[in-house]
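Read through the structure below, which is laid out as structure tokens, and then see the notes.
Please treat every number below as a calculation from the coordinates, not as lab data. Keep in mind that what you see is a predicted model, and the values were worked out from it rather than measured. Cβ placement follows ideal geometry from the backbone for every residue including glycine, while neighbour counts extend to all protein chains displayed.
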Amino acid sequence: MVTVNSYAESTEVASKVAQYILNIQDSVLATSSEFHIAISGGSLGKVLKAGLIDNESIRSKVQWSKWKVYFSDERLVPLDHEDSNYGLFNKLVLEALGHAGVPGPTVFTINESLLHDTDTTTDAEIAKEYESFLPSTIDLVLLGCGPDGHTASLFPGHKLLNERSVKIATISDSPKPPSRRITFTFPVLEAAKNIAFVAEGAGKAPILKEIFESEESQLPSALVSKLNVPVTWFTNDDAIKGVNIPK
Ligand SMILES: O=C1O[C@H](COP(=O)(O)O)[C@@H](O)[C@H](O)[C@H]1O
């Protein structure tokens, strides 16, 4: 169920990702009034801006007011902090919609008022509340893949890879700063209707080699790729140079 699409230029990656999102949006909205999409932080923010905001032919076709936006993971920092995944999406996408007078999506964020406390009970409360926002199935989950193979805030070898009792888990020892985060767990990803990864740059090539060439790989991105869900990868050619991609 894995499809890998690679393009020479980042601009092309962004427009193909945007067209893929639009196709799913349109098919969902043909029978429903809401499109449930989860997004990630990191390099995906720029791809979404380039594909959905800067690309004129696509921009007018996005039915933002029908979107319900969730975050596949969030860093436990204020929403206007430079490390916040919401903050990034707000800066790159939501502010542009506001300036253009376009009604934006409904965006589900963490409860900032609970952040002042560094206690793990509070983090669990934030996660529990965020879990209550989730629909039973997300139409599309957009993920990144870190150079270590992590995705969302599911890190290689971490115990959260086996978490099945909650949909949103807390992590207080993220190897990538900031250490306090919440994240989708595997049950949410398994229930998704579609999953897409976006990974660009030569720095990702070694990890993509392991993900696509090692059947036994236990890297989080490899485990997600093997789920019984249509999984589509969007990469640039540098990221898959020398990698045997699945046919
Ligand atoms: O920490 C995170 O990293 C991943 C991967 O980011 P990228 O910049 O290598 O694409 C990202 O998907 C996740 O949302 C973020 O919290």
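Annotations
- Rh (Kirkwood; distinct C-alpha pairs) - region 7-142, Å: 15.7 Å
- Taking a point 7 Å from the Cα of THR120 along the Cα-to-Cβ direction, the residues of region 159-182 with backbone N closer than 18 Å to it are 159-176, 179-182.
- Estimated FRET transfer efficiency when R0 is 45 angstrom, pair LYS226-HIS99 (beta carbons, to 0.05): 0.60
- Once divided by 2.2 N^0.38 Å, the Cα radius of gyration of region 49-128 becomes 1.26.
- An ellipsoid equivalent to region 2-240, defined through the eigenvalues of its Cα gyration tensor, has semi-axes of 25, 23, 17 Å when rounded to whole angstrom and sorted largest first.
- The trypsin sites (Lys or Arg not before Pro) of region 137-232 that DSSP puts in a loop, and whose beta carbon has at most 14 other beta carbons within 10 Å, are ARG164, LYS226.
- Label-point separation, ASN111 to GLU213 (7 Å along Cα→Cβ), nm: 4.8 nm
- Computed over the chain with a Gaussian network model linking Cα atoms closer than 10 Å, the most mobile of ALA192, ALA100, ALA127 is ALA100.
- Residue list for region 165-198, given a label point 7 angstrom along the Cα-to-Cβ vector of SER136 and an amide N cut-off under 14 Å: 191-193
- Beta-bridge orientation, the chain: approximately 25 percent antiparallel, per DSSP, counting only bridges with both partners inside.
- For the chain, calculated [θ]222 nm from helices alone, where every DSSP H run of n ≥ 4 adds -39500 (n - 2.57): -8000 deg cm²/dmol
- With semi-axes defined as the square roots of five times the eigenvalues of the C-alpha gyration tensor, the equivalent ellipsoid of region 184-247 measures 21, 12, 10 Å, largest first.
- Close amide-amide hydrogen proximity is noted between PHE35 and TRP67, LYS68, each under 5 Å apart and 5 or more residues distant or on a separate chain (H modeled in the peptide plane; Pro and chain starts excluded).
- From largest to smallest, the equivalent ellipsoid semi-axes obtained for region 1-49 from the alpha-carbon gyration tensor read 22, 14, 10 Å.
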